[in-house]
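Worksheet: the structure to be examined is printed underneath.
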Amino acid sequence: MKLNLKNPIAFFDLETTGIDIMRDRIVEIAVIKVMPNGEELRKRHLINPTIPIPLEVSAIHGIYDKDVTDAPTFKQIARSFATFLEGTDLSGFNLARFDVPLLVEEFLRAGVAFDVSKRLIVDVQRIYHMMEPRTLAAAYRFYCRRELTNAHSAEADTEATYEVFKAQLACYENTALTDKDGNTYYPIKNDMEALHELGMSNKVDLAGRMVYNAHKQPVFNFGKFKDKLVTEVLQKEVNYYDWMIKGEFPLDTKQKLTEIKLSMAFPKKN
């Protein structure tokens, strides 16, 4: 199936030193960049994470410290990789919760601008869990009728995700669901904007520490101020901003919080 694209879309997968967005680092990245005309461009890098890869993690993805000793660091490839991804929407398996936040953290650490706020983000796992909740290997078996070999290799997982996504569109494009009010709707379309709305439309920051409420206002999504307006908390609890900036939150979360704080001090003129 040829994807209905307005912009190029990059399917990507990361292998990392662990699952902590703030502390862990990328050791491998693979990308399939699909152009609106159907052309597919592929790129893969092993990356020196500059920190040890735990043996229990290496046992999963098969990448050991010795494999990345001579590989470039992310900072060394960041600018060229940002250029490769320029103007692309993003897709992957579970990318909204992990791959995109970690990738943004790496770009921020490298001092390279990589704004995802204007990009559509299509999470193949979100579609899968909505329609057939299982793992990537099971999704590949279910949709593609083949066994996924070399799982937990970024390249194999990226190829599988791309094939699963195309099969999902073919399978569900005319499938109706019923919402909690009894209304029938068709959530799966060959339309990246519609698919983006499935899982990313209400997030303020990529980690989901702040989300938009029903009135499109940023509210906190954790802790004692959960569901409270961010602007209201920052006004009444003057130390809360400093606590978050100094705390163990992703750089992207801190950046979005700072943008909200600055917008309070310098509101836009109509």
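None of the figures in this text is laboratory data; all of them are computed from the coordinates on show. Owing to the predicted nature of the structure, the values given are computational and were not obtained by experimental measurement. Cβ: placed from backbone, ideal geometry, glycine included. Neighbour counts: every protein chain shown.
Summary table below
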item: Alpha carbon Rg of region 131-270, scaled by the compact-globule rule 2.2 N^0.38 Å; result: 1.41
item: Cα pair distances exceeding 20 angstrom across region 139-222, given as percent; result: 55 percent
item: Theoretical ellipticity at 222 nm over the chain - DSSP helices of four or more residues, -39500 (n - 2.57) apiece, nearest 500; result: -11000 deg cm²/dmol
item: Relative contact order, percent, the chain [alpha-carbon distance under 8 Å, six or more residues apart]; result: 17 percent
item: Label-point separation, Lys189 to Asp227 (7 Å along Cα→Cβ), nm; result: 3.1 nm
item: Of Leu229, Tyr186, Gln76, farthest towards positive along the dipole that unit charges on Lys, Arg, Asp, Glu beta carbons give the chain; result: Leu229
item: Beta bridges by DSSP in the chain, antiparallel share as percent, to the nearest 5; result: 75 percent
item: Pairwise label distance in nanometres, Ala59 with Leu41, each label 7 Å out on the Cα-Cβ vector; result: 4.0 nm
item: Using a Förster distance of 51 Å, the FRET efficiency for Arg141-Tyr212 (Cβ separation, nearest 0.05); result: 0.90
item: Pair Leu177, Ala151: separation of 7 Å Cα→Cβ label points (nm); result: 2.4 nm
item: Too-long pairs where the Cα-Cα distance tops 22 Å, listed order kept, from Lys166/Lys216; Lys228/Lys256; Lys189/Lys226; Lys33/Lys118; Lys216/Lys268; Lys180/Lys224; result: Lys166/Lys216; Lys189/Lys226; Lys180/Lys224
item: Candidate values [x] 19.6, 58; [y] 19.7, 61; [z] 22.5, 82, label of the one derived for Rg and Dmax of the Cα atoms in Å; result: [x]
